[in-house]
Amino acid sequence: MKTAWLAGLIGLGIATAVGAADWASVESKAKGQTVYFNAWGGGESINQYIDWAAQQTQERYGVTLKHVKITDAAEVVKRIKTELDAGRSTDGTVDLMWVNGENFKALKQANALYGNWVEALPNWQYVDLTKPVRQDFSESTDNLEAPWGMAQLTFIADKAKVAEPPRSAAELLAFAKTNPGRVTYPKPPAFHGTTFLKQLLTELTPDPAVLQQPVDSAQWAAHTQPLWDYLDELHPVTWREGKNFPATQADMIPLLADGELLLALTFNPNEAANLIESGQLPDTAYSFGFTKGTIGNVHFLAIPANAKAKEGAQVVANFLLSPEAQARKADVKIWGDPTVVDVTKLTTEQQATMNNKAKGALAETVPTLPEPHASWVEALETEWLKRYGSQ
């Protein structure tokens with residue numbers, strides 16, 4: 001079975017990694033390599049965490065980690081595909097990237113990812129297999145990307161201004177009408193803006209189960225019309241009357257802090273705690289979700305097929321999956337990104353760090369709703385830009 005699966009990968013043209021038993025060889029080859037890690041650079045706490053990881057991989061393994069701060073992973077996908085199309089098959093500009101969803105699917109379909117390395121990582125033993133670590137937006141990961149963290153759409157408000165937050169799409173619309181100009185969302189195709197659209201669609205479409213399948217163009221209008229009707233009603237009462245939108249989720253935070261907005265959103269249930277800790281939000285800030293749930297997923301690390309430092313990238317990915325690195329990442333005073341490892345396999349001290357709930361973090365249980373199939377992302381973004389992009 002394993003042999004057939006491996007042969008299938010080779011047949012698809014996907015490069016394969018050094019065997020699992022030869023991890024020492026991987027570390028040896030990694031020493032002295034420079035790993036260009038393309039990852040979103042819009043969060044200061046995230047940037048500082050990656051700086052810490054870079055220091056650790058240099059000291060422990062002799063691997064230099066360079067954080068290439070990006071704003072849109074889709075641009076990295078285009079660059080990798082362009083390099084491969086041009087015949088640059090061994091010395092690409094990207095060694096490791098933070099990816100999931102439609103970007104992973106695009107790279108997988110293009111045979112642009114290095115394969116058969118993830119479950120050979122020594123720290124794979126700690127991964128919580130009850131979490132969707134082998135599925136990415138309904139797409140099988142096929143040993144092509146390593147889980148790094150968990151995420152769930154979460155809203156942020158200030159208790160001093162919003163005592164009772166909206167708990168559904170319908171309540172959000174009513175809230176926006178009661179508070180004109182003080183609700184908005186990031187402009188799609190910004191990741192958080194598109195996620196907000198998917199959240200609304202999941203709640204408003206007549207049959208949410210169809211979202212787990214590829215987009216059916218024949219049924220597109222029937223499935224999405226409730227979303228467009230909703231946005232047509234929402235936009236006139238949003239910030240700047242829906243004629244402008246924040247470029248990113250990070251741009252909403254200062255607007256929330258100074259009271260111009262009453263709500264912000266994030267994909268990290270612990271981000272509000274982190275922002276309180278850093279002084280960017282008042283200590284009256286809090287997190288909440290919708291009663292019937294919000295969209296959640298796993299985010300991953302992938303190595304392009306033409307990466308120059310494949311061994312170094314595996315060493316970095318393995319370190320980032322370690323209990324030590326995962327516990328530090330989950331600490332709300334550091335980043336607050338929920339872990340993908342099984343906490344029962346960790347030390348008591350590491351478990352305590354991961355269970356540290358600081359003021360402002362999501363303190364309630366919010367059901368996790370599945371991401372729609374990756375094909376919905378581009379379709380929603382294209383339709384949104386056609387309808388509202390020129391306003």
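The values are calculated or read from the model by the stated rules, or taken from the named source; none is laboratory data. This structure is a prediction, so every number in the text was calculated from the model and none was measured. As a convention, Cβ positions derive from the backbone with ideal geometry for all residues, glycine included, and neighbour counts pool all protein chains shown. Remember, those area values only see protein heavy atoms, side chains included, never the ligands or the DNA or RNA. Shrake-Rupley method; radii C 1.70, N 1.55, O 1.52, S 1.80 Å.
Brief remarks follow.
- Residue within region 169-176 that is open to solvent by 10 Å² or more (accessible area, probe 1.4 Å), assigned to a loop (DSSP other than H, G, I, E, B) and at pLDDT 95 or above present: no
- Qualifying residue in region 114-125 (condition: of a type in the set (Val, Ile, Thr), farther than 28 Å from Leu211 by Cβ and over 15 Å from the mean Cα position of the chain (by Cα)): no
- Condition met for Val377 (in a helix (DSSP H, G or I), within 26 Å of Pro132 (Cβ to Cβ) and touching a Phe, Trp or Tyr at 6+ places or on another chain (Cβ under 9 Å)): yes
- Counted as qualifying within region 218-301 are the helices (runs of 4 or more DSSP H) with 1 or more residues that are open to solvent by less than 30 Å² (accessible area, probe 1.4 Å) and over 21 Å from Thr194 (Cβ atoms), namely 271-277.
Residues checked against (1) farther than 20 Å from Glu378 by Cβ; (2) charged (D, E, K, R):
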| residue | (1), (2) |
| --- | --- |
| Gly87 | yes, no |
| Met97 | no, no |
| Glu102 | no, yes |
| Pro122 | yes, no |
| Glu139 | no, yes |
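- Which listed residue is of a type in the set (D, E, K, R) and modelled with pLDDT of 95 or more, from Lys131, Lys159, Lys105: Lys159
- Against the list (1) open to solvent by 10 Å² or more (accessible area, probe 1.4 Å); (2) touching a residue at least 60 places away in the same chain (Cβ under 8 Å); (3) touching a strand residue (DSSP E or B) at 6+ places or on another chain (Cβ under 8 Å), the condition Val68 fails is (2).
- Test: residue in region 201-212 that is among the hydrophobic types (A, V, I, L, M, F, W, C), farther than 20 Å from Gly101 by Cβ and in a helix (DSSP H, G or I): yes
- Within region 316-357, the set of residues being crowded, with 16+ Cβ neighbours inside 10 Å, part of a loop (DSSP other than H, G, I, E, B) and touching a residue at least 60 places away in the same chain (Cβ under 8 Å) comprises Leu321, Ser322, Val332, Ile334, Trp335, Gly336, Asp337, Pro338, Thr339, Val340, Leu346.
- Residue count for region 177-200, restricted to those that are more than 21 Å from the chain's Cα centre (by Cα) and in a loop (DSSP other than H, G, I, E, B): 5
- Count of region 100-130 residues, restricted to those that are surrounded by 18 or more Cβ atoms within 10 Å (Cβ to Cβ) and not in a helix (DSSP H, G or I), is 10.
- Taking the criterion of being polar (S, T, N, Q) and either touching a residue at least 60 places away in the same chain (Cβ under 8 Å) or closer than 16 Å to Gly336 by Cβ (or both), the residues of region 35-63 that qualify are Asn38, Ser45, Asn47, Gln48, Gln56, Thr57.
- Residue in region 80-89 that is hydroxyl-bearing (Ser, Thr, Tyr), at pLDDT 90 or above and either surrounded by 17 or more Cβ atoms within 10 Å (Cβ to Cβ) or touching a helix residue (DSSP H, G or I) at 6+ places or on another chain (Cβ under 6 Å) (or both) present: no
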